[in-house]
Structures are given as C-alpha cells and as structure tokens.
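Before any comments, here is the structure.
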Amino acid sequence: MTEGTGRPDARDDGPEGPAAPLRDLEDEPSADFAERVQNRIHRREAAAHVTDLSSGGFLLVLVEFIGMIAGLFGGPNKTEGGSH
Amino acid sequence: MIELDTLDDAALIERAQGSGPGDLRAFDVLVHRHKGHVLANCRYLTGSAEEAEDLAQEVFVKVYFSLGTFEGRAKFRTWLDRIKANHCIDHVRSRRPVRFIDVDAPEHQHLEALRVEPVAAGAGEEPAGQGRVRQVLAAIPETLRIPLVLRDMDEMSYQDIAERMEIGLSAVKMRIKRGRETFRRLYDTGGSVPVQEEE
C-alpha cells in the first residue's frame, strides 16, 4: 500500500473550493466497535499461526519423503561399496 | 508511564509497530481516534449504513496487518484514508457491476441513477449540522457522491481518484465540480436539484 504525500493538486479546487461540511463528518459506531476489530485481528493471527504450523508440518513430511527416496537410491550403492 | 491517549498518531504508530504479538494497546487508541471518520466515509462511499460498520472494521484490520509497511512519509490519516477508499471501492465493485458513464451526455440525463432526491421531502423540521450533511449526501447519486467523498472527505488527489475509479482526469474534475454544486444547492435549500439543470 503506497502512502502518497497529501494533496498535490489542492489548487485545482478552483474558487469554489471543497464542500467544507464534509471535512469533519463522523458517524457514531457501535459501542463494541473496537472490541470487534480486536477480535478480528486475533482470529486472523490465530489462523495465520495455524497455517504456518500446517505448512511447517507439510515441509517436514516432504523432507522426510525426499530423504526416504534418496535413501532408496543411495542406500544400495553404499552397501555395494561396503561389500566389495 | 505515558498515557497513550496523549500521544499523537505518529508516536502511536511507532509504538504499535514495536508492540509484541497480541499487544493492541497503541493500535486501539488509533482505532478509537479515527473510527467515526472511517465509518462515515465507508457509509457514504458505499451508500449503505448497514454495510459500513463491517467495512470500517475490516479497514482497521487491514491497517493493522499493513503497519509494517507504513514508513511515515505521509500522515497516518492520509494512509488510512487510502486503504479505506480502496477497500470500499472494491466492495462497491464486487457488490454489483459498476459502469462509469459520462454524466453530461444528453442520452444519460434521464437515468434513474442520476436523479437527485429532494432531501427535505416529508421532513417535519429541517435537520441541522451533520444530520443535514448526511441527508444531502444520501440524496446525491453514487456517480457524483463517490468522487466527491474521495476528494472532500478523504482529500485524495484528482489523479488518485481517476486511477481508483478507472476514469479520465477531466471526468473526475467534472464530477467533483457537479457533486459540489449539487451538495451546496441541496445543503442550502433542501430542495430537489435535477442533474439536467446543472451547467
């Protein structure tokens, strides 16, 4: 997300200028607004954590599998080398 | 122990960025400080009071997870407004197909979407202050209201608005001009201002 730097073309507003009453318009949110934001953040963090764990587990299984395959092809050579 | 409420946005951002996982105290102050503005913006960008609260919450969640990318080159409010505008416009686009048209073209003057409702019709007494602003905004058609809100509430540049709405720069300027004219006329008179009477 780029930040920008403000209002580079503020002078293009012309002599009439902006509709001033809009500038400070605010609505009153529900009483538990901030709490619900926090809950969403916590839920998303927890979900990300679970995803990390799952992908970590998958990676571990993959490494073990590759190791096993490598063992299948590499193992006999060692045995052959050892027997001669 | 410093009261977080007394810190400005930049100091709060710094603290939020340096907070450990799960520590939302500094960010929570930012939410309390800006929630009213974000909620009003979401409401008038989407035209839906029902969806606005959910969208505003999502905006703050996005802001939280993007804190690491905020470098402080712009004010926090400017950055927040940009995330909010993107989120709300994406929502409007996903809600239904939006086709931007030339509001000045004679063939479009009869369209229902460009009709400006009388804001005082049926009202027993004229509301004052922000209540009046809300009524006027709700009466302005979306095609004029969105660029007007992006410009005069969010202070986005014309260029940014053009890119975000995927329309030309001159079209953006024209819509904002007409949006302001419509807003002022409705705000001052409370009467109906048909779009075709503009210009």
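The values are calculated or read from the model by the stated rules, or taken from the named source; none is laboratory data. Predicted model only: the values in this text are computed from it and were never measured. Note that each Cβ is placed from the backbone with ideal geometry, even for glycine, and that neighbours are counted across all protein chains shown. Quick note on the areas: whole protein, heavy atoms, side chains included, nothing else; ligands and nucleic acids left out. Shrake-Rupley method; radii C 1.70, N 1.55, O 1.52, S 1.80 Å.
Key figures
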{"read-out": "With all protein chains modelled, accessible area of B:Ile89 [1.4 Å, Å²]", "value": "10"}
{"read-out": "Net charge of Cβ neighbours under 13 Å - reference A:Gln38; Lys, Arg +1; Asp, Glu -1", "value": "+1"}
{"read-out": "Accessible heavy-atom area order of B:Thr143, B:Thr6, highest first, probe of 1.4 Å", "value": "B:Thr6, B:Thr143"}
{"read-out": "Solvent-accessible area of B:Asp160 with every protein chain in place, 1.4 Å probe, in Å² to the nearest 10", "value": "30"}
{"read-out": "Inter-chain shielding of B:151-161 (mean C-beta neighbours from other protein chains, 10 Å cut-off)", "value": "5"}
{"read-out": "Interface burial for B against A (accessible surface, 1.4 Å probe, total of both chains, Å², rounded to 100)", "value": "4200"}
{"read-out": "Calculated FRET efficiency for the pair B:Arg95/A:Phe65, C-beta based, R₀ 51 Å, to 0.05", "value": "0.65"}
{"read-out": "Under 19 Å from the Cα of B:Lys35 - lysines, other chains or at least 8 residues apart", "value": "B:Lys62, B:Lys75, B:Lys84"}
{"read-out": "Kirkwood Rh in Å, taken over all unlike Cα pairs in segment B:48-88", "value": "10.7"}
{"read-out": "Heavy-atom accessible area ranking, 1.4 Å probe, most first, across B:Ser157, B:Ser170, B:Ser66", "value": "B:Ser170, B:Ser66, B:Ser157"}
{"read-out": "Net charge of Cβ neighbours under 12 Å - reference A:Leu25; Lys, Arg +1; Asp, Glu -1", "value": "-2"}
